[in-house]
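The values are calculated or read from the model by the stated rules, or taken from the named source; none is laboratory data. Because the structure is a prediction, the values reported are computed rather than measured. Every residue, glycine among them, receives a Cβ derived from its backbone with ideal geometry; neighbour counts consider all protein chains shown.
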Amino acid sequence: MGLFDRLKNEARRELGKQLNQVVRDAAQPAAAPAKTAEPVRLQFQSLPQTFSELQSMPEAALKTPQATAALTVMALCVWPTNREEAKRMLAFLSGPRTRTNMDWQFIADRFMDGVDYVPRSYFEGATPENDYTPDRPYTLLVYDDPNGPVEENYSSVMLKSGGADSKRKLTLRKKPSTGQYFLWEQYLLSGIRKPVSRDEWA
């Protein structure tokens with residue numbers, strides 16, 4: 001085999017290797033969006049007290065997990081004073097997922113014995129020392145969950161309570177036909193430190 005033939009064969013082999021690599025790369029699944037430690041900051045001049053007020057907010061389009069998470073906190077803030085309106089809010093935020101009597105009872109149990117301050121604790125400035133009174137404007141920091149679900153159309157975010165050492169999680173499910181993120185599960189109502197005014201050991 002002459003020198004020219006050897007060079008042609010080597011060129012063919014090298015080209016074949018490059019084509020194979022292109023095919024392998026194309027077959028790899030697209031990388032998931034990178035998670036960030038920086039939270040998304042959402043600010044509100046006031047909090048909704050009724051379902052219609054919540055529904056009229058721009059965030060009620062539910063186009064991001066952070067918006068749905070923020071509205072979930074607001075709905076839970078309404079529960080102690082107007083349970084039926086809070087239920088309407090949470091049913092709206094849950095979208096196609098029907099909430100059962102057991103779901104509602106679970107929430108009601110978390111508010112027993114006058115524990116009405118847990119949802120407020122997620123707003124900036126709310127601490128045990130000030131009876132979980134948020135700063136104004138009302139501000140929520142919503143963090144990516146570094147260990148979030150890998151299932152398609154599910155995502156999770158986390159919120160920091162002023163009365164707990166670790167963040168609490170919400171799981172959202174995306175409806176592809178509308179691009180909306182609906183509440184799937186929330187773990188926001190676990191116990192936190194008592195407000196100083198209610199703590200006999202403070």
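Observations on the model:
- The selection criterion, being modelled with pLDDT of 95 or more and in contact with a Gly (Cβ under 6 Å, 6 or more places away or on another chain), holds for S156.
- Condition check for L170: in contact with a helix residue (DSSP H, G or I) (Cβ under 6 Å, 6 or more places away or on another chain) and either within 12 Å of A69 (Cα to Cα) or not aromatic (F, W, Y) (or both): yes
- Contact annotation: no residue pair with Cβ atoms under 8 Å, 6 or more positions apart or on different chains, pairs a residue in segment 185-202 that is closer than 18 Å to M158 by Cα and touching a residue at least 60 places away in the same chain (Cβ under 8 Å) with a partner that is among the hydrophobic types (A, V, I, L, M, F, W, C) and loosely packed, with under 11 Cβ neighbours inside 10 Å.
- Scanning segment 69-119 for residues that are of a type in the set (G, A, S) and over 15 Å from Q55 (Cα atoms), we see that the one that is modelled with the lowest pLDDT is G114.
- Answer from S161, S121 - the residue that is under 19 Å from A69 (Cα atoms), assigned to a helix (DSSP H, G or I) and hydroxyl-bearing (S, T, Y): S121
- Looking only at residues in segment 159-172 that are crowded, with 21+ Cβ neighbours inside 10 Å and under 10 Å from the mean Cα position of the chain (by Cα), the one that is nearest to E124 (Cα to Cα) is L159.
- Single unsatisfied condition, R136 versus (1) assigned to a strand (DSSP E or B); (2) over 29 Å from R173 (Cβ atoms); (3) not acidic (D, E): (1)
One line per residue, one yes/no per condition, for (1) in contact with a Pro (Cβ under 7 Å, 6 or more places away or on another chain); (2) surrounded by fewer than 17 Cβ atoms within 10 Å (Cβ to Cβ):
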| position | (1), (2) |
| --- | --- |
| P58 | no, yes |
| T64 | no, no |
| T68 | no, no |
| C77 | yes, no |
| R88 | no, no |
| M102 | no, yes |
| A108 | no, yes |
| D116 | yes, yes |
| P119 | no, no |
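- Meets criteria (crowded, with 17+ Cβ neighbours inside 10 Å, in contact with a strand residue (DSSP E or B) (Cβ under 8 Å, 6 or more places away or on another chain) and more than 28 Å from M112 (Cβ to Cβ)) for Q180: yes
- Answer residue from segment 146-158, given it is part of a loop (DSSP other than H, G, I, E, B) and in contact (Cβ under 8 Å) with a residue 40 or more places away in the chain and is nearest to the chain's Cα centre (by Cα) among those: G148
- Test for A126: is it surrounded by 18 or more Cβ atoms within 10 Å (Cβ to Cβ), aliphatic (A, V, I, L, M) and part of a loop (DSSP other than H, G, I, E, B): yes
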